[in-house]
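Okay, so here's the structure we're looking at.
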Amino acid sequence: NTKGFIFDLDGVIVDTAKYHYLSWKQLANELGFDITLTQNEQLKGVSRVRSLEIILGWGNKTLSEEAFEKYMAEKNENYLSHIAQMDEGEILPDVPKILNYLQEKQQGIALGSASKNARTILQKVNLFENFQAIADGNNVSKAKPDPEVFLLAAKQLNIKPSDCIVFEDAVAGVTAANAAGMISIGIGSKETLGHADYIFNDFTEIQTSFIDELINR
Ligand code: B16
Ligand code: MG
């Protein structure tokens, strides 16, 4: 029995949301306003372009196309300077345990992330080799909640969508997984991820017996 297990990156494998926040905050400050951690929640799983659009809305700012591109590049440069400092210590608890278990059980393992920096981050935390397929912000045109990124991951694994399971921390990500016809597993709180098929606070709550159930269903 081979299933496809698709992992979101930010908020599931590593907590890069804090670095995205620092970089967006700096940019907002340059433009003369601030953004809060609560506002940052709304940027999770959202593409870089869409994030800047949302932030500009909060600050009541409009930018020329040229300035928009400049700020996007500047944000990413700043973000990459944080990423450069990352190592294996930033992998979220029990993620390696689950990845190793899936590998042992010869399951398909893929990444389904909105980030264009996904490969770099996986390499930094030394998990690149654990993934058979990577669908990320570089190979999709429609962002989550569109299911494109997860459907692409399934295709790369050569496993049909109904045999795939998605781990997601973002509202838009769970919606995307559901729209793809996959089993959705929310990593986070019941309040925000109530539309997921299963919800856990983090991977320490996921038993290997549960993984077995998913494999054999
Ligand atoms: P980048 P995920 C998403 O990653 C982040 O949650 C979101 O905050 C970010 O804007 C997006 O990636 C794009 O990232 O600027 O690196 O291309 O959760 O889908 O893994
Ligand atoms: Mg995420």
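A few comments on the model shown:
- Scanning the stretch 105-130 for residues that are small (Gly, Ala, Ser) and either more than 16 Å from ligand 2 (Cβ to nearest atom) or in a loop (DSSP other than H, G, I, E, B) (or both) turns up GLY108, SER113, ALA114, SER115.
- Residue in the stretch 24-36 that is open to solvent by 10 Å² or more (accessible area, probe 1.4 Å), under 24 Å from ALA154 (Cα atoms) and out of contact with any Pro (no Cβ under 6 Å at 6 or more places or on another chain) present: no
- In the stretch 180-195, the residues that are within 20 Å of LEU99 (Cβ to Cβ), part of a loop (DSSP other than H, G, I, E, B) and within 15 Å of ligand 2 (Cβ to nearest atom): GLY188
- Boolean, ALA177 is of a type outside the set (S, T, N, Q) and part of a loop (DSSP other than H, G, I, E, B): no
- Residue check for ASP10: closer than 21 Å to THR120 by Cβ, in contact (Cβ under 8 Å) with a residue 24 or more places away in the chain and surrounded by fewer than 16 Cβ atoms within 10 Å (Cβ to Cβ): no
- Wholly within the stretch 6-70, helices (runs of 4 or more DSSP H) carrying at least 3 residues that are away from ligand 2 (no atom under 16 Å from the Cβ) and farther than 22 Å from GLU168 by Cα: 17-30, 48-58
- Within the stretch 131-157, tally of residues that are in contact (Cβ under 8 Å) with a residue 40 or more places away in the chain, surrounded by fewer than 19 Cβ atoms within 10 Å (Cβ to Cβ) and more than 14 Å from ligand 1 (Cβ to nearest atom): 0
- Residues that are of a type in the set (S, T, N, Q) and open to solvent by less than 10 Å² (accessible area, probe 1.4 Å) within the stretch 164-195 comprise just one, SER184.
- Of LYS124, LYS97, all but one fail to be in contact (Cβ under 8 Å) with a residue 40 or more places away in the chain and exposed (fewer than 15 other Cβ atoms within 10 Å of the Cβ); the exception is LYS97.
- Matching option when the condition is more than 18 Å from LYS44 (Cα to Cα), open to solvent by 70 Å² or more (accessible area, probe 1.4 Å) and in contact (Cβ under 8 Å) with a residue 12 or more places away in the chain, among GLU88, GLU65: GLU88
- Residues in the stretch 37-46 that are farther than 30 Å from TYR101 by Cβ and open to solvent by less than 30 Å² (accessible area, probe 1.4 Å) were compared, and the one that is farthest from ligand 1 (Cβ to nearest atom) is ASN40.
The values are calculated or read from the model by the stated rules, or taken from the named source; none is laboratory data. Everything numeric in this text was worked out from a predicted model, so none of it was measured. Cβ coordinates were reconstructed from backbone atoms using ideal geometry, including for glycine residues, and neighbour counts include every protein chain displayed. To get the accessible areas, we keep the full protein, side chains included, count just its heavy atoms, and leave off ligands, DNA and RNA. Shrake-Rupley method; radii C 1.70, N 1.55, O 1.52, S 1.80 Å.
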